[in-house]
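First the structure, in the form of structure tokens, and then the observations on it.
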Amino acid sequence: MSGYFKIAVVENEFEAQLLQSILDEQGIVYYLKSYYDIAYDGLFQKTKGWGSVYAPENYKEVILEIIAGIRNQSFSETSTNKG
């Protein structure tokens, strides 16, 4: 994983899957690392988030924009469905 830097924390599995799909589609190189640990039965995911996305530093801004878009989309859908 040389040359890869931690870009952001991924909040949940849905966000991780959507991010993975978008990054694959755009041909962006990355690595997703889950915080899940069998010994602690997912305890770290409840407190720290689902995991982290790592990528070369030159992709940082693009990935952060994608994550912001995912989060804004998710927030918009949940707030309009409460109606």
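The values are calculated or read from the model by the stated rules, or taken from the named source; none is laboratory data. The model shown is predicted, which means the values in this text are computed figures rather than measured ones. All Cβ positions, glycine included, derive from the backbone under ideal geometry; neighbour counts span all protein chains shown. Areas reflect the complete protein model, heavy atoms only, side chains present, ligands, DNA and RNA absent. Shrake-Rupley method; radii C 1.70, N 1.55, O 1.52, S 1.80 Å.
Round to the nearest 0.05 the FRET efficiency obtained for residue 25 and residue 5 when R0 = 35 Å and r is the Cβ-Cβ distance.
My answer for the efficiency is 0.95.
Search the structure for amide H atoms under 5 Å from the amide H of residue 10, placed 1.01 Å from N in the peptide plane, and list their residues when 5 or more places away or on another chain.
50, 51, 52, 53
Going from most exposed to least, what order do 21, 2 have by accessible area with a 1.4 Å probe?
2, 21
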